[in-house]
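Down below is the structure, laid out as structure tokens.
What follows draws every value from the coordinates through simple rules; no lab data is involved. Remember, predicted model here, so these are calculated numbers, not experimental data. Cβ sites come from the backbone with ideal geometry, for glycine too, and all protein chains shown count toward neighbours.
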Amino acid sequence: MINLNLQHWRVECDADGIASAILDKAGESANSLSLAVMDELGEILDAFDRVPPKALIFRSGKEAGFVAGADIQEFTQLDTAEKGRALVERGWKLFNRLAALTYPTLAVVRGHCLGGGLELALACRYLLAVDEPGTKMGLPEVMLGIFPGWGGMLRLPQRVGPTAAMDMMLTGKTIDAKRAKRMGLADECVPVRVMESAARQLVLSGQARRPLSFIQRLFNGPLKGVVASGARKQVAKKASPAHYPAPYAIIDIWAKHDGNALASPAIIDRIISSPTARNLVRVFFLQERLKNFGKEAAFKAERVHVIGAGVMGGDIAAWCALRGMTVTLQEQSLERMGPALQRAGQLFARRLRDPLLARAASDRLIPDVNGDGVAHADVIIEAIFEDIAAKHALLRTLEPRMKPGALLATNTSSLKLEDLRTVLKQPERLVGIHFFNPVAMMPLVEVVAAVGVDPGTVQAACAFVRQIDKLPLPVRSTPGFLVNAVLAPYMLAAMLAVDDGISPETVDQAMLAFGMPMGPIELVDTVGLDIAMAAGQQLAAGVAAPKCLLSKVNQGLLGKKSGQGFYVWRDGKANKASAGAVPEGLAERLLNPLIERVAQLVADGVVSDADLADAGVIFGTGFAPYTGGPLHFRQSTH
């Protein structure tokens, strides 16, 4: 037994000489690799240099998972190039030392194992993945504008081949335990009940790692340039090096320096000092802030009832079923539910990738023409068409049938809650839970509070949104809330530019070059020109509708849903001509109305502060994350 004065690790040795290093970071609910944690790991390895164990197993002492990654708070303190290089050097040298140990080592990966956590696991001789839903592995550093500099760029390509490794590192995607075993990242994948015995057996097995295929060995050696060239082309389709330098740095460090960033201090300096890295770290903390809403509420939903099986209602119901809830979906007839149930089946198959799990999710989504689910539901979401009389009639029938403590929510995108709740005996009970289309893709949900709403109801709504793995943003009831209210002047400015003779393709190209995920004209087509017209009348403060919009609506050209709007749509894609040269200042002309509206909504108290407004616009519209959000962008560029 070794005696060390450790704050974050526990070291145990059994009678067979197998040691366990258990990470249980003090004062935190999740493990992260801070300077103190890494220094203590060095002390553990020092002690085992003196008295080597038969084997060493790494595991977590946290329920939350293995290791969430490096301590991101420490990134905010990297104000010099020297500090950036020192951070990379610390992990690179320590994990190389771990990888070189003569006795066998193993990481038991249960729960999240991300970033530096996966780099630690990769430095062990063996990786045992525990097969349960929370086990996720990945190197998502690129999402923070940085790279996996502690050995991930070296060892992941060696373990799974460079094509799979590049896909993981350049997208930040995570994989589950079964997939990790299939691709060779994990040596074994076992259920939780046998993980202890399996870990001991594997670490002492002497088992050799599954070799890479011949072609992957070539890609890791003489054909590295082919992989790097292909990866650069793929990245260039989605991210410009000016806005997102990290993926290009990952490719170069792997291709030219075998994954050793220390061999190119200039790349480290460029990434660490880039505004993108600082802004993406800012976005990470904004996301964490959204995740904290509703944390204090004891509310937990098991049953959800959704009224309205249109695109929004049907997809909300499907998403809740996917997240494990029993969902009743109400519509006037089974026939009208057909498309929603078909889309739900496609979602379950795509996301769950297991016919049994997909079938279980489908069984949780129950058609309910009579609305019998209302009486049993913990959450009731009204998602019928935007007509106040129809919503009034519905809310009148719902209130007396709800059980005590159930949440009554509306998914309205344009009507004020103060107007909707006038028919309720307990008007303080109504809250807005406003999803965005497509529901499965958009992470943000606005939680809308009218004046006089019960604060506990808002807390419970936020807790429900977190329970279904979305990001809740509390907003005040006002037309358009935050997201739609800021998109209206942006789309208006884009269409006025078309009225001025700039082609739709050129308008879209200006914003794609800025870093938006979709151009504003394509967005209008996707939303629907009739909906854009109605929203514009409500949100554009009396400005006349653009001529190009009026003309197309009068011709019945309503965008993607009708097959033609500003563009002709085929197979779900807009057919675009080549964009012309983007006029100087066009991007600013389109952005300024959006940014001004965000600032006004903060001033009006619709959202409580500028940081939350930035978070809402990033996660609700896809506003270029590298900027840190619209208000942060304006502040940093003026």
Legend entry - Sites Glu596 and Phe385, calculated FRET efficiency, Cβ-Cβ separation with R0 30 Å, nearest 0.05: 0.45
Legend entry - Against the rule of thumb 2.2 N^0.38 Å, how large the Cα Rg of the chain comes out: 1.04
Inset, instruction - Provide Thr163, Thr102, Thr410, Thr397 in ascending order of the number of other Cβ atoms located within 10 Å of each residue's Cβ, fewest first. - result: Thr102, Thr397, Thr163, Thr410
Inset, instruction - Quote the charge dipole size of the chain about the Cα centre in Debye, to the nearest 20; the model charges only the Cβ of Lys and Arg (+1) and of Asp and Glu (-1). - result: 1580
Legend entry - Within straight-line cross-link reach of Lys547, lysines at Cα separation under 27 Å, skipping those fewer than 8 residues along the same chain: Lys560, Lys561, Lys573, Lys576
Legend entry - Amide proton proximity set for Leu407, modelled H, under 5 Å, gap of 5+: Val379, Ile380
Inset, instruction - Using only the Cα atoms of the range 583-630, build the gyration tensor, take square roots of its eigenvalues as a ≥ b ≥ c, and label the shape rounded, prolate or oblate: rounded if a/c is under 1.5, else prolate if a/b is larger than b/c, else oblate. - result: oblate
Legend entry - For Ser273, Ser333, Ser20, order by how many other beta-carbon atoms lie within 10 Å, fewest first: Ser333, Ser273, Ser20
Legend entry - In the range 9-273, lysine pairs with alpha-carbon atoms under 14 angstrom apart (chain gap of 8 or more, or interchain): 5
Inset, instruction - Give the value in nm², to one decimal: projected area of the alpha carbon convex hull of the range 525-638, averaged over all directions. - result: 9.0
Legend entry - Taking the chain and dividing mean pair separation by its residue count, relative contact order in percent (alpha carbons under 8 Å, at least six apart): 9
Legend entry - Cα-based radius of gyration of the range 1-112 once divided by 2.2 N^0.38 Å, which approximates compact folds: 1.10
Inset, instruction - Grab the beta carbon distance between Lys295 and Lys173, set R0 = 35 Å, and tell me the FRET efficiency rounded to 0.05. - result: 0.85
Legend entry - Contact order normalised by residue count of the range 419-566, Cα under 8 Å, 6+ apart, percent: 16
Legend entry - With at most 11 other Cβ atoms within 10 Å, longest stretch of the chain clear of loop GluC sites (Glu not before Pro) (DSSP): 297-583
Inset, instruction - Please state, rounded to one decimal and in Å, the Kirkwood hydrodynamic radius that the range 446-495 gives when every pair of distinct Cα atoms enters the mean of 1/r. - result: 12.2
Inset, instruction - Work out which helices of the chain, taken as complete DSSP H runs, extend at least 20 Å along their axis over the Cα atoms and score a mean Kyte-Doolittle of -1.0 or more, then list them. - result: 35-50, 81-99, 275-292, 334-352, 483-499, 586-603
Legend entry - Other-chain or far-sequence residues with amide H under 5 Å of Leu444's (modelled H): Leu471
Legend entry - In the range 407-472, the chymotrypsin sites (Phe, Trp or Tyr not before Pro) that fall in loop regions by DSSP, at most 14 other Cβ within 10 Å: none
Inset, instruction - Please report the base-10 log of the normalised intensity I(q)/I(0) for the range 511-591, using a Debye sum with one equal scatterer per alpha carbon and no solvent, at each q in 0.11 (1/Å). - result: -0.32
